[in-house]
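Report on the following structure.
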Amino acid sequence: MTLVTRQLKKAARVILIGAPGVGKGTQTERLLTRFPELASISSGDLLRENVRRKTSLGLKAETAMQAGNLVPDSLILDLISSEFKSKGWLAKSPGASISPTASFILDGFPRTSVQASSLDTLVPINFVVHLVTPPSIILSRIASRWVHEPSGRVYNTDFNAPKVPGKDDITGEPLTQREDDSLETWTQRLHKFEETSRALLEHYDRKGCLWRAEGNTSDEISPKLFAEIENRFC
Ligand code: ADP
(Lines give C-alpha, C1' and ligand atoms only; values in the text may rest on other atoms or scores of the structure.)
Protein backbone atom coordinates (compact mmCIF):
# COMPACT_ATOMS: atom_id res chain seq x y z
CA MET A 1 0.00 0.00 0.00
CA THR A 2 1.41 3.42 -0.88
CA LEU A 3 1.71 5.77 2.02
CA VAL A 4 -0.47 8.80 1.44
CA THR A 5 -0.52 11.52 4.07
CA ARG A 6 -2.84 14.49 4.37
CA GLN A 7 -2.38 17.78 6.15
CA LEU A 8 -5.08 19.07 8.46
CA LYS A 9 -6.17 22.65 7.86
CA LYS A 10 -8.32 22.80 10.97
CA ALA A 11 -7.63 21.28 14.37
CA ALA A 12 -9.18 17.82 14.71
CA ARG A 13 -10.10 16.79 18.25
CA VAL A 14 -11.32 13.27 17.79
CA ILE A 15 -12.81 10.45 19.82
CA LEU A 16 -13.47 6.94 18.54
CA ILE A 17 -16.24 5.00 20.24
CA GLY A 18 -16.59 1.34 19.39
CA ALA A 19 -17.38 -2.05 20.85
CA PRO A 20 -14.50 -4.30 21.89
CA GLY A 21 -13.27 -6.19 18.84
CA VAL A 22 -14.38 -3.51 16.38
CA GLY A 23 -10.81 -2.47 15.58
CA LYS A 24 -10.48 0.87 17.34
CA GLY A 25 -6.74 0.37 17.73
CA THR A 26 -6.35 -0.44 14.04
CA GLN A 27 -8.24 2.69 12.98
CA THR A 28 -6.26 4.85 15.40
CA GLU A 29 -2.96 3.59 14.01
CA ARG A 30 -4.08 4.19 10.45
CA LEU A 31 -5.30 7.69 11.26
CA LEU A 32 -1.97 8.58 12.87
CA THR A 33 -0.19 7.49 9.70
CA ARG A 34 -2.58 9.25 7.34
CA PHE A 35 -2.72 12.51 9.32
CA PRO A 36 0.74 13.05 10.83
CA GLU A 37 -0.43 16.04 12.86
CA LEU A 38 -2.68 13.82 14.96
CA ALA A 39 -1.36 12.51 18.26
CA SER A 40 -3.01 9.74 20.21
CA ILE A 41 -3.59 10.11 23.92
CA SER A 42 -4.52 6.92 25.74
CA SER A 43 -5.93 7.16 29.26
CA GLY A 44 -4.95 3.54 29.95
CA ASP A 45 -1.33 4.16 28.90
CA LEU A 46 -1.12 7.37 30.92
CA LEU A 47 -2.51 5.60 33.97
CA ARG A 48 -0.13 2.66 33.65
CA GLU A 49 2.78 5.06 33.29
CA ASN A 50 1.73 6.87 36.47
CA VAL A 51 1.40 3.58 38.32
CA ARG A 52 4.86 2.53 37.15
CA ARG A 53 6.40 5.85 38.20
CA LYS A 54 4.50 5.67 41.50
CA THR A 55 3.21 9.24 41.18
CA SER A 56 0.57 10.29 43.71
CA LEU A 57 -2.01 9.97 40.94
CA GLY A 58 -0.73 6.50 40.05
CA LEU A 59 -0.93 5.37 43.66
CA LYS A 60 -4.52 6.59 43.89
CA ALA A 61 -5.51 4.89 40.62
CA GLU A 62 -3.79 1.57 41.19
CA THR A 63 -6.33 -0.08 43.49
CA ALA A 64 -9.25 0.63 41.19
CA MET A 65 -7.34 -0.55 38.14
CA GLN A 66 -6.24 -3.78 39.77
CA ALA A 67 -9.82 -4.52 40.75
CA GLY A 68 -10.87 -3.94 37.13
CA ASN A 69 -12.91 -0.88 38.11
CA LEU A 70 -12.93 2.52 36.50
CA VAL A 71 -10.79 5.07 38.32
CA PRO A 72 -12.63 8.10 39.72
CA ASP A 73 -13.60 10.75 37.15
CA SER A 74 -11.70 13.52 38.91
CA LEU A 75 -8.44 11.55 38.69
CA ILE A 76 -8.86 10.89 35.00
CA LEU A 77 -9.65 14.49 34.31
CA ASP A 78 -6.53 15.64 36.20
CA LEU A 79 -4.53 13.14 34.23
CA ILE A 80 -5.79 14.31 30.86
CA SER A 81 -5.47 18.00 31.62
CA SER A 82 -1.91 17.59 32.88
CA GLU A 83 -1.09 15.68 29.69
CA PHE A 84 -2.49 18.56 27.60
CA LYS A 85 -0.43 20.98 29.66
CA SER A 86 2.77 19.00 29.28
CA LYS A 87 2.23 18.97 25.52
CA GLY A 88 1.97 22.76 25.67
CA TRP A 89 -1.63 22.67 24.46
CA LEU A 90 -3.22 24.04 27.57
CA ALA A 91 -1.92 27.00 29.60
CA LYS A 92 -1.37 26.41 33.30
CA SER A 93 -3.87 29.09 34.37
CA PRO A 94 -7.33 27.82 35.37
CA GLY A 95 -9.99 28.27 32.71
CA ALA A 96 -7.40 28.53 29.92
CA SER A 97 -8.54 27.28 26.54
CA ILE A 98 -6.93 24.66 24.33
CA SER A 99 -4.35 25.63 21.70
CA PRO A 100 -6.16 26.19 18.40
CA THR A 101 -3.70 23.88 16.62
CA ALA A 102 -3.85 20.86 18.93
CA SER A 103 -5.06 17.83 16.98
CA PHE A 104 -5.47 14.49 18.68
CA ILE A 105 -7.38 11.26 19.11
CA LEU A 106 -8.38 10.37 22.63
CA ASP A 107 -8.28 6.67 23.39
CA GLY A 108 -10.18 5.26 26.36
CA PHE A 109 -11.52 8.61 27.47
CA PRO A 110 -14.24 9.74 27.98
CA ARG A 111 -16.00 6.51 28.90
CA THR A 112 -19.07 7.95 30.54
CA SER A 113 -21.32 10.90 29.83
CA VAL A 114 -20.17 12.45 33.11
CA GLN A 115 -16.57 12.34 31.87
CA ALA A 116 -17.73 13.74 28.53
CA SER A 117 -19.41 16.70 30.24
CA SER A 118 -16.29 17.57 32.20
CA LEU A 119 -14.17 17.21 29.08
CA ASP A 120 -16.47 19.71 27.33
CA THR A 121 -15.45 22.38 29.83
CA LEU A 122 -11.75 21.67 29.23
CA VAL A 123 -11.45 20.81 25.54
CA PRO A 124 -14.24 20.99 23.00
CA ILE A 125 -14.17 17.75 21.01
CA ASN A 126 -15.24 18.38 17.42
CA PHE A 127 -15.52 14.90 15.86
CA VAL A 128 -16.81 11.72 17.46
CA VAL A 129 -16.74 8.55 15.42
CA HIS A 130 -19.01 5.66 16.28
CA LEU A 131 -17.38 2.57 14.77
CA VAL A 132 -20.00 -0.03 14.07
CA THR A 133 -19.63 -3.67 13.07
CA PRO A 134 -22.58 -6.05 13.54
CA PRO A 135 -22.06 -8.08 16.76
CA SER A 136 -22.53 -11.34 14.82
CA ILE A 137 -19.52 -10.41 12.67
CA ILE A 138 -17.39 -9.50 15.69
CA LEU A 139 -18.30 -12.79 17.35
CA SER A 140 -17.47 -14.88 14.28
CA ARG A 141 -14.15 -13.04 13.95
CA ILE A 142 -13.30 -13.90 17.55
CA ALA A 143 -14.31 -17.51 17.02
CA SER A 144 -11.83 -17.74 14.11
CA ARG A 145 -8.97 -16.33 16.15
CA TRP A 146 -6.09 -18.63 17.06
CA VAL A 147 -2.92 -17.72 18.90
CA HIS A 148 0.57 -19.09 19.31
CA GLU A 149 0.85 -18.43 23.01
CA PRO A 150 4.64 -18.45 23.47
CA SER A 151 5.13 -15.71 20.83
CA GLY A 152 1.75 -13.95 20.89
CA ARG A 153 1.35 -14.43 17.12
CA VAL A 154 -2.32 -14.19 16.20
CA TYR A 155 -4.01 -15.90 13.26
CA ASN A 156 -7.51 -15.74 11.89
CA THR A 157 -8.79 -18.67 9.89
CA ASP A 158 -10.95 -16.29 7.79
CA PHE A 159 -8.35 -13.83 6.54
CA ASN A 160 -4.95 -14.60 8.04
CA ALA A 161 -4.87 -18.38 8.28
CA PRO A 162 -1.72 -20.25 9.35
CA LYS A 163 0.03 -22.08 6.50
CA VAL A 164 -0.71 -25.41 8.18
CA PRO A 165 -4.09 -25.53 9.95
CA GLY A 166 -3.66 -25.41 13.74
CA LYS A 167 0.13 -24.81 13.61
CA ASP A 168 2.29 -21.73 14.10
CA ASP A 169 4.00 -20.63 10.85
CA ILE A 170 7.41 -20.10 12.43
CA THR A 171 7.75 -22.84 15.03
CA GLY A 172 5.15 -25.36 13.88
CA GLU A 173 3.88 -25.52 17.45
CA PRO A 174 0.14 -25.94 18.11
CA LEU A 175 -2.17 -22.92 18.11
CA THR A 176 -4.78 -22.46 20.81
CA GLN A 177 -7.84 -20.32 21.42
CA ARG A 178 -7.85 -17.96 24.39
CA GLU A 179 -10.16 -18.81 27.20
CA ASP A 180 -11.32 -15.19 27.41
CA ASP A 181 -12.16 -15.39 23.70
CA SER A 182 -15.13 -17.62 24.45
CA LEU A 183 -18.43 -16.76 22.83
CA GLU A 184 -20.04 -16.28 26.21
CA THR A 185 -17.43 -13.82 27.47
CA TRP A 186 -17.60 -11.83 24.26
CA THR A 187 -21.38 -11.73 24.17
CA GLN A 188 -21.25 -10.30 27.67
CA ARG A 189 -18.59 -7.77 26.76
CA LEU A 190 -20.56 -6.56 23.76
CA HIS A 191 -23.66 -6.29 25.85
CA LYS A 192 -21.90 -4.24 28.48
CA PHE A 193 -20.53 -1.93 25.83
CA GLU A 194 -24.03 -1.36 24.41
CA GLU A 195 -25.23 -0.37 27.85
CA THR A 196 -22.37 1.90 28.88
CA SER A 197 -21.88 3.60 25.54
CA ARG A 198 -25.49 4.66 25.06
CA ALA A 199 -25.35 7.80 27.21
CA LEU A 200 -21.96 8.73 25.78
CA LEU A 201 -23.22 8.49 22.21
CA GLU A 202 -26.32 10.50 23.09
CA HIS A 203 -24.16 13.17 24.67
CA TYR A 204 -22.21 13.74 21.47
CA ASP A 205 -25.23 13.31 19.26
CA ARG A 206 -26.86 16.22 21.10
CA LYS A 207 -23.73 18.29 20.46
CA GLY A 208 -24.02 17.52 16.76
CA CYS A 209 -20.52 16.06 16.36
CA LEU A 210 -21.37 12.33 16.23
CA TRP A 211 -20.73 10.46 12.99
CA ARG A 212 -21.25 6.76 12.32
CA ALA A 213 -18.86 4.57 10.33
CA GLU A 214 -20.15 1.09 9.64
CA GLY A 215 -18.43 -1.87 8.07
CA ASN A 216 -17.74 -5.58 8.46
CA THR A 217 -13.97 -5.14 8.47
CA SER A 218 -11.41 -2.47 9.32
CA ASP A 219 -10.49 -2.24 5.64
CA GLU A 220 -14.07 -1.38 4.83
CA ILE A 221 -14.25 1.30 7.50
CA SER A 222 -10.89 3.08 7.02
CA PRO A 223 -11.54 4.67 3.60
CA LYS A 224 -14.87 6.08 4.78
CA LEU A 225 -13.25 7.47 7.89
CA PHE A 226 -10.35 9.02 5.97
CA ALA A 227 -12.75 10.64 3.51
CA GLU A 228 -14.88 12.11 6.27
CA ILE A 229 -11.90 13.59 8.11
CA GLU A 230 -10.54 15.02 4.87
CA ASN A 231 -13.94 16.57 4.22
CA ARG A 232 -14.17 18.13 7.60
CA PHE A 233 -10.60 19.10 8.41
CA CYS A 234 -8.43 19.24 5.27
P1 ADP B 1 -9.17 -1.71 28.99
O2 ADP B 1 -9.51 -1.52 27.56
O3 ADP B 1 -8.73 -3.06 29.36
O4 ADP B 1 -10.19 -1.14 29.93
P5 ADP B 1 -7.39 0.59 29.21
O6 ADP B 1 -5.95 0.55 28.91
O7 ADP B 1 -8.23 1.50 28.40
O8 ADP B 1 -7.83 -0.91 29.17
O9 ADP B 1 -7.60 1.01 30.75
C10 ADP B 1 -7.02 0.30 31.78
C11 ADP B 1 -7.68 0.67 33.11
O12 ADP B 1 -7.49 2.06 33.36
C13 ADP B 1 -9.19 0.50 33.13
O14 ADP B 1 -9.55 -0.80 33.47
C15 ADP B 1 -9.61 1.51 34.17
O16 ADP B 1 -9.38 1.04 35.48
C17 ADP B 1 -8.65 2.66 33.92
N18 ADP B 1 -9.21 3.64 32.95
C19 ADP B 1 -8.78 3.90 31.69
N20 ADP B 1 -9.51 4.88 31.12
C21 ADP B 1 -10.43 5.25 32.04
C22 ADP B 1 -11.49 6.20 32.06
N23 ADP B 1 -11.76 6.98 31.02
N24 ADP B 1 -12.23 6.31 33.19
C25 ADP B 1 -11.98 5.56 34.26
N26 ADP B 1 -11.01 4.63 34.31
C27 ADP B 1 -10.23 4.46 33.22
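The values are calculated or read from the model by the stated rules, or taken from the named source; none is laboratory data. Quick caveat, the model's predicted, so the values are computed rather than measured. With ideal geometry, Cβ positions are generated from the backbone for all residues, glycine too; neighbour counts draw on all protein chains shown. Areas reflect the complete protein model, heavy atoms only, side chains present, ligands, DNA and RNA absent. Shrake-Rupley method; radii C 1.70, N 1.55, O 1.52, S 1.80 Å.
Tabulated data for the structure shown
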| item | result |
| --- | --- |
| Cubic angstrom per residue, convex hull over Cα atoms of the range 78-117 | 87 |
| For q = 0.09, 0.13, 0.19, 0.21 Å⁻¹, Debye-computed log10 I/I(0) when each Cα of the range 78-234 counts as one equal scatterer | -0.46, -0.84, -1.18, -1.29 |
| Selected from 71, 132, 22 as most flexible by GNM, with the chain as the system and alpha-carbon contacts under 10 Å | 71 |
| Residues of the chain: accessible area per residue with a 1.4 Å probe, Å² | 56 |
| Rg to Rh quotient for the range 1-152, alpha carbon positions, Kirkwood Rh | 0.99 |
| Gaussian network model of the chain, springs between alpha carbon atoms under 10 Å - residue of 79, 70, 119 with greatest fluctuation | 70 |
| Residue among 175, 201, 131 with the largest mean-square fluctuation in a Gaussian network model of the chain, springs linking Cα atoms under 10 Å | 175 |
| In range of the label at residue 156: residues from the range 184-215 whose backbone nitrogen is under 18 Å from the point 7 Å along Cα→Cβ | 186-187, 190, 213-215 |
| Three principal axis lengths of the range 45-102 [C-alpha, angstrom, descending] | 38, 20, 17 |
